[in-house]
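This report concerns only the one structure given below.
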Amino acid sequence: MTDPGEVVVPIRADVDVVVARQKIRGLVSDLRFSGNELTLIATAISEVARNIVSYAGNGEIVMRVIQRGQRRGITVVARDRGPGIADIERAMKDGFSTSRGLGLGLPGSKRLMDEFELVSEVGKGTEITMTKWER
């Protein structure tokens, strides 16, 4: 049973990227995020979810409302059991891509969110944890 403040979206295809974007809006409806901030969060989710589809084939996005003291926010965890990222430092540089993309997904997502952590092991998968705090 999942926490009522938590939403899990399986990611297997491009349509699931759209579902994850839609679910975040409902989850944060009682938080004080501006329309612009919601767009930034949804964009970061889109980027990491597309990476799951493109590189791992499937995975999940877990979104939950969090509170630390008086601060409230949203944490997004994107995880897969794909090939993993061999060179995280390089993958976090603008312009690096192992596909034909622009290479802005991971570093862009990091810039859009307040906190960003990437853990990956070759052959085992990747987990990205991102948080955005209310202002």
| message | On the Cα set of region 6-133, report Rg and Dmax in Å, please. | response | 13.9, 43
| field | Nearest 10 degrees, 0 to 90: helix 35-51 Cα axis against the chain principal axis | value | 30
| said: Could you compute Rg(Cα) / (2.2 N^0.38 Å) for region 4-62, with N its residue count? | reply: 1.11
| How far, in degrees from 0 to 90, does helix 14-27 lean away from the longest principal axis of the Cα atoms of the chain, to the nearest 10? | 20
| query | When averaged across all projection directions, what area in nm² does the alpha-carbon convex hull of region 22-92 cover? | reply | 5.8
| Which one of V77, A49, V18 has its Cα pushed farthest toward the positive end of the charge dipole of the chain, where Lys and Arg give +1 and Asp and Glu give -1 at the Cβ? | V18
| Vicinal HN-Hα couplings computed from phi for region 68-78 (Karplus, 6.51 cos²θ - 1.76 cosθ + 1.60; Hz; Gly/Pro x) | 10, x, 8, 7, 10, x, 10, 10, 10, 10, 10
| note | If unit charges are put on Cβ atoms (+1 for Lys and Arg, -1 for Asp and Glu) and the dipole of region 6-133 is taken about its Cα centre, the option from I66, G125, F33 lying farthest towards the positive end turns out to be F33
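Read-outs: derived from the displayed coordinates by stated rules, not from any lab. Everything quoted here is computed from the prediction, not taken from an experiment. Glycine gets a Cβ as well: all are built from the backbone with ideal geometry, and neighbour counts include every protein chain shown.
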